[in-house]
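Report on the structure given below.
The values are calculated or read from the model by the stated rules, or taken from the named source; none is laboratory data. Predicted model, so just to flag it, every value in this text is computed and none were measured. No Cβ is skipped: glycine too gets one built from the backbone with ideal geometry, and neighbour counts run over all protein chains shown.
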Amino acid sequence: MDVHFTKMHGCGNDFIFIDCLNGENGELEKLAKKLCDRRFGIGADQLLTVHPSKVADFKMEIYNADGGQVEMCGNGIRCFAKYVRDHGLTAKGELAVETLAGIIRPRLVGDQVEVDMGEPILEGRKIPVNADGKILNHPLEVDGATYPVTCVSMGNPHCVLYLDDLDRLDLGRVGPRFEHHPFFPKRVNTEFIKVFKPNEIGMRVWERGAGETWACGTGACAATVAGVLTGKSGRKVTVHLKGGDLLVEWRDNNRVYMTGGAAEVFEGTIKI
């Protein structure tokens with residue numbers, strides 16, 4: 001079977017898009033593992049699929065490179081908005097998109113996409129972590145060291161911690177230790193943050209099921225919320241990621257807004 005696809009990226013966080021509005025192309029979990037493989041497939045951090053929705057304009061499903069389905073992807077939802085608009089699936093500039101994290105509302109603004117990411121979840125069991133209440137500067141032992149971590153859900157679970165030097169971080173070693181730590185019953189995305197100014201931070205991220213990625217939109221939002229809660233940064237922050245910058249603002253209405261670019265790389269057909 002031939003499957004048409006489009007490759008896109010948001011700040012280097014790359015995705016394969018498949019239009020499933022007229023039906024799915026086999027088992028999407030297995031398809032994600034095959035297509036996202038960077039040696040034997042197309043290569044991507046995630047497979048994103050477009051489906052009809054009874055409650056929104058579209059439904060977006062998200063499959064990590066390991067085949068696992070996840071709730072939400074901030075860079076992915078920006079690319080989603082550009083994909084459905086550029087491929088003639090909608091003429092709207094503002095969309096309602098059904099996800100496992102609820103209805104997300106991206107808005108095309110010139111060559112950027114602003115996304116209302118919703119309200120952060122701060123209650124431990126709802127993130128989820130194996131503890132009650134807010135998880136602020138919680139001491140977590142990982143690989144023989146203790147880190148003060150702050151945990152936030154932006155529809156998916158995040159663990160945020162602060163370091164003085166991101167360049168020397170052996171993320172390939174320590175990232176999986178956080179992802180599979182028993183404190184996180186559904187695994188976790190981990191953001192390693194360096195604060196430059198109250199309105200400017202650097203970030204490296206280890207995403208569950210994908211490894212180190214060049215950007216993570218929900219992670220940038222979680223890091224902004226964590227910075228406010230711990231007093232390390234302000235409510236409006238430029239987040240410098242390996243693949244580019246995102247502007248994130250946690251507004252007084254308790255909703256987090258993220259703005260950044262989205263780009264199509266190429267499209268083609270692959271046999272499955």
Residue list for the range 114-140, filter: touching a residue at least 40 places away in the same chain (Cβ under 8 Å) and more than 18 Å from residue 224 (Cα to Cα):
128, 129, 130, 131, 140
Restricted to the range 152-211, and to residues that are touching a Cys at 6+ places or on another chain (Cβ under 7 Å) and of a type in the set (S, T, N, Q), which residue is surrounded by the most Cβ atoms within 10 Å (Cβ to Cβ)?
190
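From 50, 84, which residue is touching an Asp or Glu at 6+ places or on another chain (Cβ under 6 Å) and among the β-branched types (Val, Ile, Thr)?
Selected residue: 50, the only one of 50, 84 that is touching an Asp or Glu at 6+ places or on another chain (Cβ under 6 Å) and among the β-branched types (Val, Ile, Thr).
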If residue 145 satisfies every condition in (1) surrounded by fewer than 15 Cβ atoms within 10 Å (Cβ to Cβ); (2) among the hydrophobic types (A, V, I, L, M, F, W, C); (3) assigned by TED's automatic domain parsing to the domain that holds residue 41 but one, which is the exception?
(3)
